[in-house]
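Only one structure is covered here, and it is reproduced in the block below.
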Amino acid sequence: MCSLTHGCVMPADPTIPLLDVSDLCVSFPAGGRMVPIVEHVSFTLPEAGILGLVGESGSGKSVTAMAIMGLIDTPGVRVSGSVRFRGRELVGLPPRQIRRLRGRDIAMIFQDPMTAFTPVYTIGWQIDEQIRAHERISRTQARARTVRILGEMGVPDPERMARRYPHQLSGGLRQRAMIAMALSCNPTLLIADEPTTALDVTVQAQILDLIRSLRGTYGSSVLLITHDMGVVAQTCDSTLVLYSGRVAETGPSDRVFSHPGHPYTAALLDSIPPLYGPRPDRLPAIAGAPPVPMARPPGCAFGPRCAHVHAACTTTPPALLPLGPDHEAACVLPAEGTPLPPRTAADWPIDTIGDACP
Amino acid sequence: MTALLHRAGQTLLVLFGVSVLVFGVFFATPGADPTARIAGRNASPQIMEKVRHEYGFDRPLPVQYVIMMKKLFITRDLASYANRGERVVPEIMQAAPVTACLVCGAAFIWVTMSIAMGTVAAAMKDTWVDRGLMMLGLVGISIPVFWLGEVANLVTQNRYHDTWLFSWVPGLGYVPFSQSPLGWFRALVIPWTVLAVMFIGIYSRVLRTDLVTLAGEDFIRTAHAKGLSPIRVLLWHGLRTSMVTFVSLFGMDFAQLVGGGALLTEVVFGLPGVGRLTYRALTTLDLPVIMATVMYSAVFVVLANAAVDVIYVFLDPRVRDAS
């Protein structure tokens, strides 16, 4: 609706994916040279799809999101590759034009709802501000919409809540308000950067339910960034696993969870506690730590921590190889004829975590 | 409302503590006879006896304290013996408006200038504009106020007074606002500027640092992600939030200036304010005047602090709930 009236974004075309990221590289200057943080990341997100971007801290998830939003303003940063939103190139777009997309067509919600609101204004004021930044409507109209959206996001007594300051709301309510603000201009793409990390488990489940319902009620696509495989299992159609700034594996969630093609994905899945059966003494953890961006190994970045590492892994970074429909992994094992074994349904957390939460 | 009453009660308590402390320092220090100090040098035995009786120095300390406070605040007949019986309190009441005019004008200049400089520097971080403004700020901090005042006097009163540029500058001294608003402004505009220079330096640097730190905060990132213009993010989200720090800093400086901290500026420009009164009393060792001005400045610091707390409540909703 917004996009048509403003005439700067093409109407939806079913042949063009909503978001098409290809070969995205981001490097930051450090110690006199450029350090690559995100390398050759490509993925597509269809209309009304939910894509999970998974990785440890420092794997480049948030930097990827910030690059899509054009929010990286570190002096000297280099962003290359292409980010196409409805066919329109965002990399290199003038700040004024990308600003008009931000908040209206692409909205973002952040990890810590406590610090993500400006502490000196009411929640309602801040949501009104976003609406009025993109649309010419009166204060009262903006407030009416704010109250309506807050209500739709499950905020009780939205009229009163809109007059409250961020510190007066609980974490869950603040995150709902954050999502309400992100949705206030009816964006087609919502980027959620670890939206549930700072919340306790029951609230987490509620917020994930809310995010999942958005595509039905608002038709929004969601790019969900998380380090939690359980969250991906509950929420996402497709999964992209990032390791050390590169794509380790990508594919439809059920395929990735049942037939992980990359040892890193398999290790992440192993480290989810089982819901049924005997409780393990110790959860399996991945030994070691990811390489620092300054000193990534020449071969596979996961090599030093991988149980299957051998000579072929240490020379060049392995290319993404197809494993099935839309399913790819950056590992040499399938090509060598020794793919990882598929996981059994008992290991498989899809739809089990969601049911376990009241 | 109860919070305000609570705050007022606290203020009174602090004032009481301050008065006891000041009294103690002046009159209850062992090894010195306060009678001789009040009566001044070479006082005759009759005067000594009169002073001793008047101030109750032959009676216990609490009684002395009550007499002193009564003389300061109720009967207001505390008199200076060094200055032939001049009453101290009316003198301070006469000097206070001068100081208040000086400090308020300077505060207006330094607040507007430092907000402008600090915001521009933060917006143009790491450019030559930023470096130039911050260098200017550092120069302002480094210049002693009495030196700057003397140079200003030398230029405007002396060397270039007859040029078109400075012929409007009146001679040193003060013109009451009620007598001539224009004369008042002319007499004060140079002292205002001189007094404000150092504070412009400090405040613009503090504000710039604050704004640059805030730029890394999550809520600033959110504001950018909302699609707001960089200027709106800087002013409505950054500057508005850093006003909380700014006001607390301002309260302290403003209070100490009103309480006599503008002494050097007043002396250099011949303004008959509280600072100059203190200065004169110090040179003649006029104990009642010193005592009264110290008490007066303490009262102002405490009152200004209470005022800042009230402003705080309006600026920061988190404080509103905590109190």
Mean accessible surface per residue for the protein assembly as shown, computed with a 1.4 Å probe while every protein chain stays in place, in Å²:
47 Å²
Among B:GLY259, B:GLY270, B:GLY201, the residue with the largest mean-square fluctuation in a Gaussian network model of chain B built from Cα contacts under 10 Å is B:GLY270
Report the charge-dipole magnitude of chain A in Debye, nearest 20, computed about the Cα centre from +1 at each Lys and Arg Cβ and -1 at each Asp and Glu Cβ.
1300 debye
Take peptide A:110-122, look around each residue's Cβ out to 10 angstrom, count Cβ atoms belonging to other protein chains, and average those counts.
5
Residues losing 30 Å² or more accessible surface upon assembly, the stretch A:87-107, compared with the chain by itself, 1.4 Å:
A:ARG99, A:ARG102
Give, rounded to the nearest 20 debye, the magnitude of the charge dipole that chain B has about its Cα centre when Lys and Arg contribute +1 at Cβ and Asp and Glu contribute -1 at Cβ.
200 debye
Quote the FRET efficiency, to the nearest 0.05, computed for A:GLN97 versus A:SER22 with a Förster distance R0 of 22 Å and r equal to the Cβ-Cβ distance.
0.60
Need the list of aspartates and glutamates near B:LYS70 for cross-linking: C-alpha distance under 16 angstrom, and skip anything on the same chain fewer than eight residues off.
B:GLU54
If you rank B:ASP316, A:ASP254 by how much accessible surface each has, with a 1.4 Å probe, what is the order from largest down?
A:ASP254, B:ASP316
Asked for the total accessible area buried by B and A (1.4 Å probe, Å², nearest 100), one would answer 2200 Å²
Relative contact order for the stretch A:2-227: what percent, with Cα pairs under 8 Å and sequence separation of 6 or more?
24 percent
Just the accessible area for A:ARG88, please: 1.4 Å probe, Å², rounded to the nearest 10?
60 Å²
Keeping every protein chain in place, order B:ILE311, A:ILE179 by accessible area at 1.4 Å, biggest value first, i.e. largest first.
B:ILE311, A:ILE179
Using alpha carbon centroids, what distance separates the stretch B:274-323 and the stretch A:244-258, in Å?
66 Å
Pairs of Cα atoms under 8 Å, at least six residues apart: use those to get the relative contact order of chain B, whole percent.
24 percent
Expressed in square angstrom to the nearest 10, the accessible area of B:HIS161 with a 1.4 Å probe stands at 40 Å²
How much length, in nm to one decimal, is gained on full extension between A:ARG279 and A:VAL309, taken as 0.36 nm per residue of separation minus their Cα-Cα distance?
7.9 nm
Running a GNM on chain A with Cα contacts under 10 Å, which residue among A:GLY171, A:GLY92, A:GLY49 ends up with the highest mean-square fluctuation?
A:GLY92
Which residue fluctuates most in the GNM of chain A (Cα springs below 10 Å): A:PHE43, A:PHE302, A:PHE28?
A:PHE28
In terms of solvent-accessible area of protein heavy atoms at a 1.4 angstrom probe, what is the ranking of B:TRP147, B:TRP110, highest value first?
B:TRP147, B:TRP110
Given the whole protein assembly as supplied and a 1.4 Å probe, what does the accessible area of A:GLU89 come to in Å², nearest 10?
50 Å²
Hey, got the average number of other protein chain Cβ atoms within 10 angstrom for residues in B:225-236?
6
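The values are calculated or read from the model by the stated rules, or taken from the named source; none is laboratory data. Being a predicted model, the structure only gives us computed values, none of them experimental. Please note: Cβ atoms are built from the backbone with ideal geometry, for glycine as well, and neighbour counts cover all protein chains shown. Accessible surface areas use protein heavy atoms only, side chains included; no ligands, DNA or RNA. Shrake-Rupley method; radii C 1.70, N 1.55, O 1.52, S 1.80 Å.
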